[in-house]
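Worksheet: the structure to be examined is printed underneath.
Nothing in this text is a laboratory measurement; each read-out follows from the coordinates by a stated rule. These numbers were taken from a predicted model, which means no experiment stands behind them. Neighbour counts run over all protein chains shown; Cβ positions are idealised from the backbone, glycine included.
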Amino acid sequence: QLSSHPLQKTNKPGISSIDILYSKDIIATGGVDSTAVLFDRASGQIRSTLSGHSKKVTSVKFVADGGLFLTGS
């Protein structure tokens, strides 16, 4: 293990979906905590935490060149 980064909240831990944009080294995760997180792997920093779903995020997907990504709950 090279590193560890807790991306989702700890009150309801767990990642239920993931997608990787290899060209920009960005990881999108969807969590049991109803959030989606964009993570910059190179810097080790969370770029954005997106809320709005009322249930766990079951799907995340980058679209084409990575300018957009979709979430589903």
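Quick notes
- Modelled FRET efficiency - R0 25 Å, Ala42 with Leu68, Cβ distances, 0.05 increments: 0.75
- Computed FRET value (nearest 0.05) for Ser54 with Ile20, which takes r as the C-beta separation and R₀ as 30 Å: 0.70
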